[in-house]
1. Hey, what angle do you get for helix 54-71 against the long axis of the chain, alpha-carbon based, 0 to 90 degrees rounded to 10?
2. Once you list every other residue whose beta carbon is under 13 Å from the beta carbon of K175, what net charge do they have if Lys and Arg are +1 and Asp and Glu are -1?
3. For the chain, which whole-number percentage of the solvent-accessible area (1.4 Å probe, protein heavy atoms only) is attributable to carbon and sulfur atoms?
4. Where is the GNM fluctuation largest for the chain (alpha-carbon springs, 10 angstrom cutoff): N97, N21, N89?
5. Mind checking the angle between helix 35-44 and the chain's longest principal axis? C-alpha axes, 0 to 90 degrees, to the nearest 10.
6. Say the dipole of the chain comes from +1 at the beta carbon of Lys and Arg and -1 at that of Asp and Glu; which of V64, G112, G174 then lies farthest toward its positive end?
7. Computed from these coordinates, which is Rg/Rh (Cα atoms, Kirkwood Rh): (1) 1.03; (2) 0.95; (3) 0.99?
8. Can you flag which of K72/K99; K99/K175; K26/K99; K118/K168; K43/K175 are past 23 Å Cα-Cα?
Amino acid sequence: MTIAKPAEPLWLQGRDAVVENDQGVKWRHGRPDYHLTNITVHKERTRQFPANSLEMVAENLVRVFEMEVSHKADPAQWVSVVLDRFRTNVNGGPWANAKDIAERGSYNLFIGDTPYYKASEETFESSHDIFHTAFPEGFFWEILEVYSPPPTVSFKWRHWGNFTGPYKGQQPTGKRVEIFGMSVARVAEDLRILEVEHFYDNSQFLRQLATGCPMHAAAAK
């Protein structure tokens, strides 16, 4: 599937373009650099799509959103969403808005409370520290298939990375960790995100990290 490409707004120009157009942006820890990530994703992704395909447009938009959630402290500066209407949830759970994500962190909202991880006990910063420590080389993302076009874009995705750092006191296995899931994103006419629902098995992901006793994993700091 392809879509027409008139003069593109910033949020459709890709993550690097949004990072470069950062006048006045309040970065959490300085301007992010995705140079090495781009190289790794190009080598390790399992699907390739034409640049003007709906798959790549959707993938680039989601990457912009994930970058903004992780690195832009002020949701008012997120260009990928319609701020006053945006909301998201996971596996049919409660809805969260942009302010919720900016305060609590996407990891906490995406994972929630499980035997292997207690999102309610973590902050934005601590959650990022935990998973950046476990995946020091990065934890990457790609779209595998898109099932429907705008305004309701449903798609299957893959996250992956090498578990080479400790996770909450448990030693790394060095193995590749993968997560597969589906999302349904509703977008505005200009393709900014209005809402997105994610569906995946979070316990399947965390079991690959917490290889020992679940209670020990939850208690370890």
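1. 60 degrees
2. Details: positive: R176, R207; negative: E137, E178.
Overall, the nearby charge balance is 0.
3. Working: 5750 of 10930 Å².
Ligands and nucleic acids excluded, carbon and sulfur give 53 percent.
4. N21
5. Orientation of helix 35-44: about 80 degrees from the principal axis.
6. Among V64, G112, G174, the one farthest towards the positive end of the dipole of the chain is G174.
7. From the options (1) 1.03; (2) 0.95; (3) 0.99, the structure gives (2).
8. Details: K72/K99 12 Å; K99/K175 35 Å; K26/K99 15 Å; K118/K168 11 Å; K43/K175 17 Å.
Going by Cα-Cα distance, K99/K175 fall outside the 23 Å limit.
The values are calculated or read from the model by the stated rules, or taken from the named source; none is laboratory data. Everything numeric here is computed off the predicted structure, so don't read it as measured data. So basically every Cβ, Gly included, is an ideal-geometry build from the backbone, and we count neighbours across all protein chains shown. Surface accessibility is based on the protein's heavy atoms, side chains included, excluding ligands, DNA and RNA. Shrake-Rupley method; radii C 1.70, N 1.55, O 1.52, S 1.80 Å.
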